[in-house]
Amino acid sequence: METEEIIKLLKESDIYAEHSACDSEFKISDALLFDGTKPFPFKAAEVQKNLEEGLKKRQEELKKSLKRATTGAQTTAKSTNVGKLLEKVFPTMNDFKWELSDCRFLGDPIDIVIFHGLTAGKVESIRFLEVKSGKAVLNKHQKSIKEAVENNKVKYEEFK
């Protein structure tokens, strides 16, 4: 049986098929049927052209999204690196209101622990200091440390 005969029979049939992408049925005779080994009929060529244009638009959008993501990641990495450098020199800045010799730099997960009065010989209080700039926020570990301190879940132990 020739392709044209098969297409003619399908166009005259009451056969239904299932569309796998949207999980719905359709009547085959309602579909645009043609011999794919020959030039596309005008309607099929038009559908193909529209699909190709849509694909091209999606590819352009994907390129733009990828560029935005890459640029954003680079900006975040630069900000993080600058922040890590600044947190080390922050105690030497004029705005730093704590006694430098009372401070101990940890860096992670909290930047600085301040032992108020250590230099004078008697620690009056202990402060955990996290240095942030711009729109930076505490990470989950820093938030949990903050909550532990605020909920008085800080203890002193001696190990021998």
| Got a sec? Which of S133, S144, S101 is among the polar types (S, T, N, Q) and in a loop (DSSP other than H, G, I, E, B)? | S133
| said: K88 - would you say it is at pLDDT below 85, surrounded by 12 or more Cβ atoms within 10 Å (Cβ to Cβ) and among the charged types (D, E, K, R)? | reply: yes
| said: Tell me whether region 120-127 contains one or more residues that are assigned by TED's automatic domain parsing to the domain that holds T75, modelled with pLDDT of 90 or more and under 30 Å from T75 (Cα atoms). | reply: no
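The values are calculated or read from the model by the stated rules, or taken from the named source; none is laboratory data. What you see is a predicted model, and the numbers here were worked out from it, not measured in a lab. Cβ coordinates were reconstructed from backbone atoms using ideal geometry, including for glycine residues, and neighbour counts include every protein chain displayed.
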